[in-house]
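The values are calculated or read from the model by the stated rules, or taken from the named source; none is laboratory data. Given the structure is predicted, the values throughout are model-derived calculations rather than measurements. Every residue, glycine as well, gets a Cβ built from its backbone with ideal geometry; the counts of neighbours run over all protein chains shown. Surface accessibility is based on the protein's heavy atoms, side chains included, excluding ligands, DNA and RNA. Shrake-Rupley method; radii C 1.70, N 1.55, O 1.52, S 1.80 Å.
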Amino acid sequence: MRETLKWIMSQIVDFLYKYFRRLKKSWLVIGVFIVLTFVVGDSNLFVRCKYDNKIRDLEKEIRHYGKKIEVNQNKFDDFQANKEHLERYAREEFYMKKPDEDIFIIVEK
């Protein structure tokens, strides 16, 4: 077991020596800086992608609710202008009635 571990470590050291001895130290420092910047830290690429997706979802919600606000604002303006529409809406949606009326609700299945 110990001999196998020594052999593996020697293979790793040989690999690193073979491929990294030709690199200049400045390129190695630049590479380490890039890895630290884009992979490690509070604002790495993975966190940034997650935040971008969340921003897109929230912008989609803003557009959705903006459209709902516009529709409801149009309904409100219509109700302010025409009291008959308000009465019809109250009757249809909330089953309101006049004092001398009876309401029959028919449920379709």
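Every listed requirement among (1) within 30 Å of L36 (Cα to Cα); (2) part of a loop (DSSP other than H, G, I, E, B) is met by K54 save one, (2). Applying the criterion of being among the β-branched types (V, I, T) and outside any helix (DSSP H, G or I) to the residues of the range 18-47, the residue that is surrounded by the most Cβ atoms within 10 Å (Cβ to Cβ) is V39. In summary, S10 fulfils each of the numbered conditions (1) modelled with pLDDT under 90; (2) closer than 30 Å to M96 by Cβ with the single exception of condition (2). Criterion applied to Q73, Q80 was being open to solvent by 100 Å² or more (accessible area, probe 1.4 Å) and without any contact (Cβ under 8 Å) to a residue 40 or more places away in the chain, and the one residue passing it is Q80. Looking across the range 80-100 at every residue that is part of a loop (DSSP other than H, G, I, E, B) and modelled with pLDDT of 80 or more, the one that is nearest to the chain's Cα centre (by Cα) is identified as N82. Take F15 and tell me if it is over 30 Å from E93 (Cβ atoms), under 31 Å from the mean Cα position of the chain (by Cα), without any contact (Cβ under 8 Å) to a residue 40 or more places away in the chain and in a helix (DSSP H, G or I). Here the answer is no, as F15 does not meet what is asked.
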